[in-house]
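Input: a single structure, listed below in structure tokens.
The values are calculated or read from the model by the stated rules, or taken from the named source; none is laboratory data. Quick caveat: nothing in here was measured; it's all calculated off a predicted structure. Cβ: placed from backbone, ideal geometry, glycine included. Neighbour counts: every protein chain shown.
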Amino acid sequence: DVKVTQSSRYLVKRTGEKVFLECVQDMDHENMFWYRQDPGLGLRLIYFSYDVKMKEKGDIPEGYSVSREKKERFSLILESASTNQTSMYLCASSQTKFGGSYEQYFGPGTRLTVT
Amino acid sequence: AQTVTQSQPEMSVQEAETVTLSCTYDTSESDYYLFWYKQPPSRQMILVIRQEAYKQQNATENRFSVNFQKAAKSFSLKISDSQLGDAAMYFCAMEASGSARQLTFGSGTQLTVLP
């Protein structure tokens, strides 16, 4: 079974702190994604990566950065946390598959509260 | 750009009954995939069912089936013989061929199953 794990289920940080959210997948997937999930808005893509050291901006990259130094690990960084970044953060991974869909496998999520 | 719309924020169904969740989408791509994902309370998001746009036949997975109306850009999910374990947030999502492996999600429908 594909396993996507996230470093924390719950996290409380103060405004202005630097926050690291880490995601690890164990299926050698090329693609990894960070989303934030807010009520009534569904999932919105923050950043994604299709290879080590490669990254692409999603729909809402402002205030975030990412790092992918190893294939299995994709980190989301909040350089200076703000209260409007309080949210559920979901990591996902998928395999590059020619001629097919890219089914994404999700981690359990990190509920981040910024006070 | 593509959009996915779920117009029912909440739905409820009696155990053993059938319920249909609605989803509409918009895209200029001719080649795409559609998905329904399920997010149970405090548990990881999992794929329920997938539909390739080039296939006319509606996808079925056990008690879950879709009604794919390509011309109307509609993709509804039918759950038959509803069970308590079906209670979850359901997200409709779309992957377009030109989207570089990204998924676009709807805002979700919270399904309650009544005993």
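Brief remarks on what is shown
- Any hit, segment A:51-63, residues being in a strand (DSSP E or B) and either in contact with a Lys or Arg (Cβ under 8 Å, 6 or more places away or on another chain) or among the hydrophobic types (A, V, I, L, M, F, W, C) (or both): no
- Some residue of segment B:21-32 being within 11 Å of another protein chain (Cβ to nearest Cβ), among the aromatic types (Phe, Trp, Tyr) and assigned to a strand (DSSP E or B): yes
- The residue that is nearest to B:Gln39 (Cα to Cα), counting only those in segment B:91-114 that are modelled with pLDDT of 95 or more and more than 11 Å from chain A (Cβ to nearest Cβ), is B:Leu111.
- Options A:Glu62, A:Glu79; residue that is under 21 Å from A:Thr15 (Cα atoms), in contact with a strand residue (DSSP E or B) (Cβ under 7 Å, 6 or more places away or on another chain), surrounded by fewer than 20 Cβ atoms within 10 Å (Cβ to Cβ) and more than 9 Å from every other protein chain (Cβ to nearest Cβ): A:Glu79
- Residues in segment B:56-80 that are in a loop (DSSP other than H, G, I, E, B) and within 22 Å of A:Ser94 (Cα to Cα): B:Ala59 alone.
- Any chance B:Val13 is over 30 Å from A:Ile60 (Cα atoms), free of Cβ contacts under 8 Å to residues at least 60 places away in the same chain and assigned to a strand (DSSP E or B): no
- When we screen B:Glu29, B:Glu15 for residues that are more than 13 Å from the chain's Cα centre (by Cα), acidic (Asp, Glu) and under 30 Å from A:Asp51 (Cα atoms), the only hit is B:Glu29.
- Leading residue by the ranking (surrounded by the fewest Cβ atoms within 10 Å (Cβ to Cβ)) among those in segment A:40-59 that are within 14 Å of chain B (Cβ to nearest Cβ) and among the hydrophobic types (A, V, I, L, M, F, W, C): A:Met54
- Output for segment B:81-115, where each listed residue is small (Gly, Ala, Ser), closer than 24 Å to B:Ser42 by Cα and assigned to a loop (DSSP other than H, G, I, E, B): B:Ser82, B:Ala87, B:Gly106, B:Ser107, B:Gly108
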